[in-house]
Amino acid sequence: MRVTVCELPEDRTAFERTWPALVEHVAHEDSDLVVLPEMPFAPWLPASSTDDGAAWERAVAAHDEWIERLDALAPATVLLSRPSIRGERRCNDGVRWTADDGATTVHEKRYLPEEPGFWEESWYDHGQREFSLVECADAQTGFLICTDLWAAEEARSYGHAGSHLIANPRATEQRTLEKWRAGGRSTGSSRVRS
């Protein structure tokens, strides 16, 4: 399996310029699976502790628009997270996209930080969906969005259920990158089947 994990710029103009390079890379490398960042198609809303419902709705619309453009990455399976609205609930959904099935919600982010730059509890609700495996490019895949990574019991559960990999779309500040790499290594070792 060939996997592309990408980093995309926050600035929307730079993002638009970078997208064609990602499309070219995925085609050139014949990627089977592409993992995009956490909520990649709109500005990072939880940077502010001030909940703005109109901004959330704009982010949902931007993700709807960009998800329609994911066919440029086909035939790869694409994993990402996106903002959504379900009745009175706002969620950060884990999404699997395929050319055949389109976008399918397969996970809801459950573990939400509430700290400078990541005021997520102020913006959306804790996920209620069970942590379950999803097939991605012939691999049984566990899905953890950003801080879900620190839920070692979920990673172990995925391992015991037979996961081949765990995808972790996230928004990461450069200054915390080493912490997240350590978390990824720790999660990877905690999912090993006994």
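The values are calculated or read from the model by the stated rules, or taken from the named source; none is laboratory data. Computed from a prediction, not measured in an experiment: that's the story for all the values here. Note that each Cβ is placed from the backbone with ideal geometry, even for glycine, and that neighbours are counted across all protein chains shown. SASA here: full protein model, heavy atoms, side chains in, ligands and nucleic acids out. Shrake-Rupley method; radii C 1.70, N 1.55, O 1.52, S 1.80 Å.
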D30 neighbourhood, Cβ < 13 Å, K/R = +1, D/E = -1, net charge -2
Contour minus end-to-end for H28 and A47, with contour as 0.36 nm per residue of separation and end-to-end as the Cα-Cα distance? 3.4 nm
Most fluctuating residue given options W123, W150, W66, as computed from a GNM of the chain linking Cα atoms under 10 Å: W66
At a 1.4 Å probe, what is the % contribution of carbon and sulfur to the accessible area of segment 26-128? 47 percent
Can you tell which of G87, G102, G127 shows the greatest fluctuation in a Gaussian network model of the chain with Cα springs below 10 Å? G87
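State in Å² the accessible area per residue of the chain; use a 1.4 Å probe, count heavy atoms of protein chains only, and round to the nearest integer.
The answer is 50 Å² per residue.
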Take the Cα gyration tensor of segment 1-82, multiply each eigenvalue by 5, square-root it, and list the three semi-axes largest first, rounded to whole angstrom. 25, 12, 11
Dividing the convex hull volume of the alpha carbon atoms of the chain by its residue count, what do you get in Å³ per residue? 117 Å³
List the relative contact order of the chain as a percent without decimals, with contacts defined as Cα pairs under 8 Å and 6+ residues apart. 18 percent
Please give the calculated 222 nm ellipticity per residue for the chain, where each DSSP H segment of at least 4 residues contributes -39500 (n - 2.57) and the sum is spread over every residue; nearest 500 deg cm²/dmol? -10000 deg cm²/dmol
Consider all pairwise Cα distances in segment 67-175 and report the whole-number % of them above 21 Å. 38 percent
Spin-label pair A54/R129, simplified geometry with 7 Å Cα→Cβ offset, distance in nm: 3.0 nm
Mean separation of Cα pairs under 8 Å and 6+ residues apart, divided by the residue count of segment 50-148: what relative contact order is that in percent? 22 percent
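What FRET efficiency comes out for the pair R17/A151, r = Cβ-Cβ distance, R0 = 45 Å, nearest 0.05?
Efficiency, from the Cβ-Cβ distance: 0.80.
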